[in-house]
Amino acid sequence: MNASPDSAKLAQANADHDATPSTAADLLRQVEPGNLAEAELPTYIFLLNHVLGEKLSAWDEALTRHERVLALPAVKPGYWRQAGAAALAAGNAQALGRFSVGYAKATDADLARASEVIQLGAAVHQAPSLPAGEAARLTGDVLAALDAPFWRTGTELDSAVASGLNNLASGLMERPASDLADSALGEAVSRCAALAHAFWRRAGTWVHAERALYLRATVATALGDFQSARRHCSEALALLDENDLKGEQPVDRAFLELERAHACRRLGRADEAEVAAQRSEQLARSFQDPGLRTWFDSRRASLAASDAP
């Protein structure tokens, strides 16, 4: 069956949104959410915030389009959360209040806690482009709320928090090295990745925990903390050894070994680095998806460039 015109436009917008956000935005403006399959709506909703809001600062427009999604017959909790993030970023207090109540009801959560998750969602799209000091302050405020005693036991919102913290740390980590050299921002990124790991350990599977450790390792690498990078890689690889008995996660293992090899080189552990590098390359040669191999080669080249004097 051929994809509907709206589905095709969404797929094109999703493929092009980083390279050509303006073109992706034009495509999103042509999509009627009611014509999309239910499985396509999360992508559409994410792109409203990522493209219209984060990249083009058109938060009011994103908010208007979220309203159309929320008018659909079957509204999932995440729709309220993403709409709330757009309302907060747009400065629309009335819509924010309405969407926060909707999210709290949809998740059977306390309104204050639901509001904190929405604040996290807004920060994911705002903090990466703010000046370093402002990004550090915003991230610090979000972390202070989510590291409070209430959140240290399991809740129905944990997986949403874990995912949001993961995305926030990943976005901040992509900033220039000069930004990450700011001590406040570096500390905020590190705390964010650590808290994401804590939430994934409660809310996710061992795979979530292993990938959270990889995020912590890459953050540590970006911050020049190679002892921590090596430790997080070793912990993640131990999880794979314990749980991946059929070898179903070769991609995860390859990237972890690559990261560990780099950390070991920077720590002067040449023999360990060589073994890890050989393992990572052997695993990468088994990749069936050319895109994965390109991603691996790009990460390896980036790490090698950082080694250059």
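The values are calculated or read from the model by the stated rules, or taken from the named source; none is laboratory data. Everything numeric here is computed off the predicted structure, so don't read it as measured data. Quick reminder, even Gly has a Cβ in these numbers, built from the backbone with ideal geometry, and neighbours come from all protein chains shown. The area values use the complete protein model at the heavy-atom level, side chains included, leaving out ligands, DNA and RNA. Shrake-Rupley method; radii C 1.70, N 1.55, O 1.52, S 1.80 Å.
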Note: among 276, 254, just one is within 22 Å of residue 227 (Cα to Cα) and in contact with a Lys or Arg (Cβ under 6 Å, 6 or more places away or on another chain), namely 276
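Quick grid of which residues meet (1) in contact with a Leu (Cβ under 7 Å, 6 or more places away or on another chain); (2) surrounded by fewer than 24 Cβ atoms within 10 Å (Cβ to Cβ); (3) closer than 16 Å to residue 276 by Cβ:
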| position | (1), (2), (3) |
| --- | --- |
| 212 | no, no, no |
| 218 | no, yes, yes |
| 226 | yes, yes, yes |
| 229 | no, no, yes |
| 232 | yes, no, yes |
| 235 | yes, yes, yes |
| 244 | no, yes, no |
| 253 | yes, yes, yes |
| 263 | no, no, yes |
Of all the residues that make up the range 112-168, how many are modelled with pLDDT under 95 and basic (Lys, Arg)? 1
Checking residue 105 against (1) closer than 30 Å to residue 182 by Cβ; (2) more than 17 Å from the chain's Cα centre (by Cα), which test does it fail? (1)
Having 1 or more residues that are polar (S, T, N, Q) is the bar; report the helices (runs of 4 or more DSSP H) wholly within the range 212-303 that clear it. 226-243, 270-284
Sort out which residues of the range 42-62 are under 23 Å from the mean Cα position of the chain (by Cα) and open to solvent by 10 Å² or more (accessible area, probe 1.4 Å), and write them in order of number. 42, 43, 46, 50, 54, 55, 56, 57, 58, 59
Restricting to the range 274-297, give me the number of residues that are under 26 Å from the mean Cα position of the chain (by Cα) and open to solvent by 70 Å² or more (accessible area, probe 1.4 Å). 5
Of residues in the range 185-195 being touching a Lys or Arg at 6+ places or on another chain (Cβ under 8 Å) and farther than 14 Å from residue 224 by Cβ, the one most open to solvent (accessible area, probe 1.4 Å): 194
Matching residues, the range 108-123, being more than 22 Å from the chain's Cα centre (by Cα) and in a helix (DSSP H, G or I): 111, 112
Of the residues in the range 100-128 that are in contact with a Phe, Trp or Tyr (Cβ under 6 Å, 6 or more places away or on another chain) and not hydroxyl-bearing (Ser, Thr, Tyr), the one that is surrounded by the fewest Cβ atoms within 10 Å (Cβ to Cβ) is 106
Only one of 72, 120 is more than 26 Å from residue 22 (Cα to Cα) and not basic (Lys, Arg), namely 72
Conditions: (1) without any contact (Cβ under 8 Å) to a residue 12 or more places away in the chain; (2) touching a helix residue (DSSP H, G or I) at 6+ places or on another chain (Cβ under 8 Å). Residue 71 meets all but one. Number of the miss? (2)
Looking at (1) part of a helix (DSSP H, G or I); (2) under 20 Å from the mean Cα position of the chain (by Cα); (3) not β-branched (Val, Ile, Thr), find the lone condition where residue 156 falls short. (1)
Identify all residues within the range 1-41 that are among the aliphatic types (A, V, I, L, M), open to solvent by 10 Å² or more (accessible area, probe 1.4 Å) and farther than 17 Å from residue 79 by Cβ; write none if there are none. 1, 3, 8, 11, 15, 19, 27
With the first residue restricted to the range 171-187 and required to be without any contact (Cβ under 8 Å) to a residue 24 or more places away in the chain, and the second required to be among the acidic types (Asp, Glu) and open to solvent by less than 40 Å² (accessible area, probe 1.4 Å), Cβ contacts under 7 Å at 6 or more apart or on different chains are none
All positions within the range 36-53 that are touching an Asp or Glu at 6+ places or on another chain (Cβ under 6 Å) and acidic (Asp, Glu): none
Looking only at the range 76-99, filter to residues that are open to solvent by less than 10 Å² (accessible area, probe 1.4 Å) and farther than 17 Å from residue 47 by Cα; which one of those is farthest from the chain's Cα centre (by Cα)? 95
Going through the range 41-54 one residue at a time, which ones are in contact with a helix residue (DSSP H, G or I) (Cβ under 6 Å, 6 or more places away or on another chain) and farther than 13 Å from residue 86 by Cα? 43, 44
